[in-house]
1. Do we have Asp140 as away from the ligand (no atom under 16 Å from the Cβ) and free of Cβ contacts under 8 Å to residues at least 24 places away in the same chain here?
2. Pairs under 8 Å by beta carbon, first residue touching a residue at least 40 places away in the same chain (Cβ under 8 Å) in the stretch 43-61, partner polar (S, T, N, Q), six or more apart or different chains?
3. Please report, ordered by residue number, the helices (runs of 4 or more DSSP H) entirely within the stretch 38-156 with at least 2 residues that are of a type in the set (A, V, I, L, M) and open to solvent by 40 Å² or more (accessible area, probe 1.4 Å).
4. Which condition does Asn203 not pass, out of (1) in contact with a helix residue (DSSP H, G or I) (Cβ under 9 Å, 6 or more places away or on another chain); (2) more than 16 Å from the ligand (Cβ to nearest atom); (3) at pLDDT 80 or above, if it passes all the others?
5. Would you please name the residue that is farthest from Ala271 (Cα to Cα), looking only at residues in the stretch 147-174 that are among the hydrophobic types (A, V, I, L, M, F, W, C) and more than 12 Å from the ligand (Cβ to nearest atom)?
6. Tell me, yes or no, whether the stretch 258-275 has at least one residue that is near the ligand (Cβ under 10 Å from one of its atoms), farther than 19 Å from Ile223 by Cα and open to solvent by less than 10 Å² (accessible area, probe 1.4 Å).
7. Pairs, please: C-beta under 6 Å, at least 6 apart or cross-chain, first residue in contact (Cβ under 8 Å) with a residue 40 or more places away in the chain and in the stretch 62-88, second open to solvent by less than 40 Å² (accessible area, probe 1.4 Å)?
8. Here are some conditions: (1) closer than 29 Å to Arg253 by Cα; (2) within 35 Å of the chain's Cα centre (by Cα). Glu29 meets all but one. Which one does it not meet?
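The values are calculated or read from the model by the stated rules, or taken from the named source; none is laboratory data. Quick caveat: nothing in here was measured; it's all calculated off a predicted structure. Every residue, glycine among them, receives a Cβ derived from its backbone with ideal geometry; neighbour counts consider all protein chains shown. We work out accessible area using only protein heavy atoms, side chains counted, and drop any ligands, DNA or RNA first. Shrake-Rupley method; radii C 1.70, N 1.55, O 1.52, S 1.80 Å.
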Amino acid sequence: LRVTLTPIHRREHGISGTIAVLQDITEQERLEQSRREFVANVSHELRTPLTTIKSYAEALDEGAMDERELGQRFVGVIRNETERMIRLVTDLLHLSRLDSNQGLLRRQQTNVPEMLEEVADRFSFQMRKKAIRAAVHVEDGITTVWLDRDQIDQVLDNLVSNAIKYTLDGGRIEITARRVHARAAGTEFTTRGSGADDQGRLNARADNEAGDQGRQGPPSIAISVKDTGIGIPKRDLGRIFDRFYRVDKARSRSMGGTGLGLSIAREIVKAHGGTIALDSELNEGTTVTVVLPLITGGETA
Ligand code: ADP
């Protein structure tokens, strides 16, 4: 807190006193700090593949190209690292559009059961490769919702792809949709460490106890992606939506992750006036729940 005191004297009016200006600089400093961290992270994330590409290109130049098999392997590495950089830059551009509110929503009437079946279908090949079984459950009566289909597809793709990445062979993934009454959807985004409860859980809660409906927020739809994967240690839960935050950097990198998937998901959900929360038990599994206000008509929220 910055306090500035300015004495005032107005003898002609017989007034004297002090003006006190209280300025909360902690918030400002925190923003500045996280901006610096973000730039450092981006630089590091881009530098790593670039360094790899440079050294493999040099090795090719210095003779590896003459050995066919070795040459092919090195070119493969260069291609992989290039693809990683493209993914990273694409994610960064997407985030920056969402940040600057250019990510306007193009809401359309969307059939929820279909949308969830389709996301499961998109990943059926990857799931089959790991012998992961998938189930989609949609509560009776849920049909269409007014949402930006492309953006929500991206959220679901991120969540399902994480569920697959961080689940061992033979695991199970459940995608479910149910009606809830969100507590003030859209306002409870306290995902920084301080906003999480003692278990690191985010303060976004959905709740559908019948008697509570009057007090609670608008009717919403909760879409959950639940896996039986490796889980996340409690101490990491509070930061899991932070940009570039990864429990295990090496594992995420080897899976092709950018560390931005959950941050992007959070921004998209926020733009929809919804909330996203993650709950996890180490070695048991993870559930991510997206709560979206149920806009069924042509409202343009
Ligand atoms: P990444 O590209 O690394 O997957 P995300 O932003 O999607 O980035 O996720 C951030 C981190 O959260 C991951 O690196 C991983 O440590 C953890 N995580 C996300 N989803 C899951 C999950 N379903 N199970 C276990 N860990 C997860």
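1. yes
2. Glu45/Thr258
3. 68-99
4. Unmet condition: (3).
5. Within the stretch 147-174, the match that is farthest from Ala271 (Cα to Cα) is Leu156.
6. Yes, some residue in the stretch 258-275 is near the ligand (Cβ under 10 Å from one of its atoms), farther than 19 Å from Ile223 by Cα and open to solvent by less than 10 Å² (accessible area, probe 1.4 Å).
7. Within 6 Å, the pairs are Arg84/Pro49; Arg87/Thr258; Leu88/Glu45; Leu88/Thr258.
8. (1)
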